[in-house]
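Down below is the structure, laid out as structure tokens.
Each reported figure results from applying straightforward, stated rules to the coordinates on display, with no laboratory input. This structure is a prediction, so every number in the text was calculated from the model and none was measured. In this analysis, Cβ positions are derived from the backbone assuming ideal geometry, glycine residues included, and neighbour counts consider all displayed protein chains.
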Amino acid sequence: MRILLDECVPWPMHKLLVGHECTTAQKRGWGGVKNGDLLRMAEGEFDLFITSDQGIRYQQNLIGRRIPILEVSTNDLRRIRAASVEIQAVVVAIQQGEFRVLEIP
């Protein structure tokens with residue numbers, strides 16, 4: 001699966017996504033691109049978008065999006081690592097066009 005990590009997600013998170021091809025918005029040259037434009041560009045090239053931007057569901061019309069979006073509730077790497085099993089499970093299960101929030105304690 002090709003995964004795009006939003007710029008608010010710590011890059012070391014990609015190490016938890018074993019078996020998937022990950023990159024970041026910054027590495028694609030998309031740093032600073034507004035969410036709507038970013039999602040449009042990502043839809044043609046990626047299978048999943050991961051963000052910790054908790055406002056994305058309110059700022060963007062997500063209806064009709066093909067790319068699934070996983071919103072993790074934190075960008076704290078320690079907490080993300082502690083939730084690696086849950087994150088991996090969601091990545092495997094998420095469906096095209098689905099928006100899912102993963103609350104990480």
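Odds and ends about this structure:
- Shape call, the stretch 31-72: gyration tensor on alpha carbons, a/c limit 1.5: rounded
- Neighbour-limited loop hits for GluC sites (Glu not before Pro), the stretch 14-96 (at most 12 other Cβ within 10 Å; DSSP other than H, G, I, E, B): E45
- Tensor-based shape of the chain (alpha-carbon gyration tensor, a/c under 1.5 rounded, otherwise prolate or oblate): rounded
- Computed extension gain for R79 through K15, at 0.36 nm per residue and net of the alpha carbon distance, reaches 21.6 nm.
- Only helices enter the 222 nm calculation for the chain: every DSSP H run of n ≥ 4 contributes -39,500 (n - 2.57), and dividing by all residues gives -7000 deg cm²/dmol, rounded to 500.
- Farthest toward positive dipole pole in the stretch 2-102 [+1 Lys/Arg, -1 Asp/Glu at C-beta], among S52, T24, A82: A82
- Taken about its Cα centre, the chain carries a charge dipole of roughly 120 debye when the Cβ of each Lys and Arg holds +1 and the Cβ of each Asp and Glu holds -1.
- Degrees between helix 84-93 axis and first principal axis of the chain (Cα, 0 to 90, nearest 10): 40
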